[in-house]
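All remarks here apply to the structure that follows.
The values are calculated or read from the model by the stated rules, or taken from the named source; none is laboratory data. It should be emphasised that the depicted structure is a prediction, and the values quoted were computed from it without experimental measurement. Glycine also receives a Cβ, built like all others from the backbone with ideal geometry; neighbour counts cover every protein chain displayed. Side chains included, ligands, DNA and RNA excluded: accessible areas come from the protein's heavy atoms. Shrake-Rupley method; radii C 1.70, N 1.55, O 1.52, S 1.80 Å.
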Amino acid sequence: MSYTALYRKFRPSEFDEVKGQDHIVTTLKNEIRTERIGHAYLFCGTRGTGKTTVAKILAKAVNCEHPVDGSPCGECEMCRKIGSQTSMNVIEMDAASNNSVDDIREIIDEVQYSPAEGKYKVYIIDEVHMLSAAAFNALLKTLEEPPSYVIFILATTEAHKIPITILSRCQRYDFKRISIDTISARLKDLMEREAVEVEDKALRYIAKVADGSMRDALSLLDQCIAFYLGEKLTYDKAIEVLGAVDTSVYSRMFNNMADLDVIGCMKLLDEIMISGRDLNQFITGLVWYLRNLMIIAVSAGGSEMVDASTEQLEQMRQESKKVDETGLIRYIRILSELSNQIKYATQKRVLTEVAFVKLCVPEMEKKTADDSLLARIDAIEKKLEKGIIVSGQTDIVANGQQGNAGGEDVSETKQPEIELPKMVSDDLKKINEKWQQILSGLSVSSRSFLTPDICKKTVSQDGEKLILQFTDATAEAYFNRYDKRNLDELKTVISNIVGVDAGIVAEAVSPEQNRNSLDLSQIIDKIHFDVQIKN
Ligand SMILES: [Zn+2]
């Protein structure tokens, strides 16, 4: 017994069986009922939405001897002949392979002869946008004055490629993508008729993958059934057959990231490159995987929004516990940025490696993020100092860092180039005085990083904290890594020598920022001077 594909076997033979295109079906039925049949139709829409199917039903309906409410009866001679494709009245042409002017001329010659049986000759031209310009021109002449017994149905997935002269002579119908609900309901109905046991969830998954195309949905369902012939089709089986992407590589990468294993990430990237996989695609897939983890993490069930087998889902649930939501969002952010960057980049691999280093060494990224935040706070403080806020209405924060239109010259005195804190705490003054003593209390390595050539001591804007500015990233990392162990050593020494609990921040700056900032002792001198003038 030969097997008939589902989409052939269940191709609708009357209007009412056509799913998801109600607006079109209703209009066509009305036209037939009232005998106001057009001579040129244009059916547009993505693949598998029913264009050819509706065209064939229409061909049957206009030729039917006893149409019922605009639909073909399915029983008269014409209906049966057209149904079994033995009627000379329905001529199908695929413009993808017959696009020359000669192909069209052949049709035009034939159009001259009235039908030997039935009422209408129906020409269905599929993929009509593929016709050559000359072929379109030849067709246009016939479309302008068609014989009364001829109907043209032009079908296309790309309506924008049809010349306007043709468009203006056709009744246009836009076929919509079919909704997941409609497709899965149809699949369910057919499976009941076929007496195949199948999980609803499996059908929904198939409908989703089919992306609005009923024909694709039926072919996919066919594949699944053929693979598990005689067994119940479950969601897990459907996932397996339709090759939901193998997520193991994403899972491995995620685990490396979560373990902060830079080397593991690099090795896996290497593997991916060697296997010839596209880097863009890999990153996109990884972002999607992380999105799924996030959904699983934040929702109790979450499984509805994530297409994965039960086994995969359980594995992802475990994984989602390794990193909190903020962490996942950070991953997604960095990788999305990367995905934009590498689209047109030549050094895709290097950029990708940098991103993974950022992911695994949070301090590196945090530094840049903090930098930009500090830069913005700086900008706002500068505006406050310059009195831009005088107008009273301007919401400086909301205006962002650039929001200073016209406010620059409010203050009259010339401002110093570097903003000074209003005061420097006495503690910091003491630290400044006893700095040499403090240095000698430190370990050799700590001392080596605090030399003036790479480290400048400066003061936070509130005048409360000592800021160690490093132009050398290694030096900054030295004080900030390992839970700031080395920074704590410095604090202890200061506390022992000066008797104060000082707030200390180690930060890395560009050489330019470094040049533009003042040293602690310079600041103390300046402030002292200012205060004297004002009093
Ligand atoms: Zn009929």
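Would you be able to tell me the number of residues in region 339-350 that are touching a helix residue (DSSP H, G or I) at 6+ places or on another chain (Cβ under 9 Å) and either buried (at least 17 other Cβ atoms within 10 Å of the Cβ) or not in a helix (DSSP H, G or I) (or both)?
Here is the first cut: in region 339-350, the residues touching a helix residue (DSSP H, G or I) at 6+ places or on another chain (Cβ under 9 Å) are 339, 341-343, 345, 348-349.
Now drop any that are not either buried (at least 17 other Cβ atoms within 10 Å of the Cβ) or not in a helix (DSSP H, G or I) (or both), which leaves 339, 342-343, 345, 348.
Summing the residues that are touching a helix residue (DSSP H, G or I) at 6+ places or on another chain (Cβ under 9 Å) and either buried (at least 17 other Cβ atoms within 10 Å of the Cβ) or not in a helix (DSSP H, G or I) (or both) in region 339-350 gives 5.
Scanning region 201-236 for residues that are open to solvent by less than 40 Å² (accessible area, probe 1.4 Å) and either basic (K, R) or assigned to a loop (DSSP other than H, G, I, E, B) (or both) gives G212, S213, Y228, T234.
Y120 is checked against (1) surrounded by 18 or more Cβ atoms within 10 Å (Cβ to Cβ); (2) touching a His at 6+ places or on another chain (Cβ under 9 Å) and fails just one. What number does that condition carry? The single condition Y120 does not satisfy is (2). The set of residues in region 42-72 that are in contact with a Pro (Cβ under 7 Å, 6 or more places away or on another chain) and free of Cβ contacts under 8 Å to residues at least 40 places away in the same chain contains only C64. A search for C-beta distances below 6 Å between a residue of region 199-217 that is over 18 Å from K19 (Cα atoms) and modelled with pLDDT of 90 or more and any residue that is open to solvent by less than 10 Å² (accessible area, probe 1.4 Å) and of a type outside the set (S, T, Y), counting only pairs 6+ apart in sequence or on different chains, returns A202/L233; A202/A238.
Would you point out the residue of region 257-305, among those that are hydrophobic (A, V, I, L, M, F, W, C) and modelled with pLDDT under 80, that is surrounded by the most Cβ atoms within 10 Å (Cβ to Cβ)? Spell out how you get there, then give the answer.
Filtering region 257-305 for residues hydrophobic (A, V, I, L, M, F, W, C) gives 257-258, 260, 262-263, 265-266, 268-269, 272-274, 279, 282-283, 286-288, 290, 293-298, 300, 305.
Checking which are modelled with pLDDT under 80 leaves us with 300, 305.
On the way: A300: 6, M305: 11.
Among those residues, the one meeting the criterion is M305.
With respect to L313, is the statement that it is closer than 16 Å to T247 by Cβ, surrounded by 16 or more Cβ atoms within 10 Å (Cβ to Cβ) and in contact (Cβ under 8 Å) with a residue 24 or more places away in the chain true? Full working, then the answer.
Details: closer than 16 Å to T247 by Cβ: yes; surrounded by 16 or more Cβ atoms within 10 Å (Cβ to Cβ): yes; in contact (Cβ under 8 Å) with a residue 24 or more places away in the chain: no.
No.
For F43, the criteria (1) under 26 Å from E144 (Cα atoms); (2) open to solvent by 30 Å² or more (accessible area, probe 1.4 Å); (3) of a type in the set (F, W, Y) hold in every case but one, which is (2).
Going residue by residue through region 132-140, is there one that turns out to be assigned to a helix (DSSP H, G or I) and touching an Asp or Glu at 6+ places or on another chain (Cβ under 8 Å)?
Looking only at region 132-140, we keep the residues that are assigned to a helix (DSSP H, G or I), and these are 133-140.
Subsequent filtering for residues that are touching an Asp or Glu at 6+ places or on another chain (Cβ under 8 Å) retains 135.
Scanning region 132-140 turns up at least one residue that is assigned to a helix (DSSP H, G or I) and touching an Asp or Glu at 6+ places or on another chain (Cβ under 8 Å).
Considering (1) at pLDDT below 95; (2) away from the ligand (no atom under 16 Å from the Cβ), the lone condition that K121 does not fulfil carries the number (1). D472 meets all of the listed conditions (1) under 43 Å from the mean Cα position of the chain (by Cα); (2) buried (at least 18 other Cβ atoms within 10 Å of the Cβ); (3) under 23 Å from I523 (Cβ atoms) but one, namely (2). Meeting the requirement of 2 or more residues that are farther than 24 Å from V357 by Cα, the helices (runs of 4 or more DSSP H) wholly within region 241-338 are 279-298, 310-320. Against the numbered list (1) farther than 23 Å from V361 by Cα; (2) assigned to a helix (DSSP H, G or I); (3) not hydrophobic (A, V, I, L, M, F, W, C), T451 comes up short only at (2). If you go through region 67-103 and keep only what is on the phi > 0 side of the Ramachandran plot and more than 45 Å from the chain's Cα centre (by Cα), you end up with D69, G74. Tell me, yes or no, whether region 183-197 has at least one residue that is under 26 Å from the mean Cα position of the chain (by Cα), at pLDDT 90 or above and buried (at least 17 other Cβ atoms within 10 Å of the Cβ). So far as region 183-197 goes, yes, one or more of its residues are under 26 Å from the mean Cα position of the chain (by Cα), at pLDDT 90 or above and buried (at least 17 other Cβ atoms within 10 Å of the Cβ).
Within region 427-446, work out how many residues are at pLDDT below 80 and part of a helix (DSSP H, G or I). The total comes to 2. Annotation: of all residues in region 73-110 being assigned to a loop (DSSP other than H, G, I, E, B), within 30 Å of S132 (Cβ to Cβ) and in contact with a Ser or Thr (Cβ under 8 Å, 6 or more places away or on another chain), the one that is farthest from the ligand (Cβ to nearest atom) is S100.
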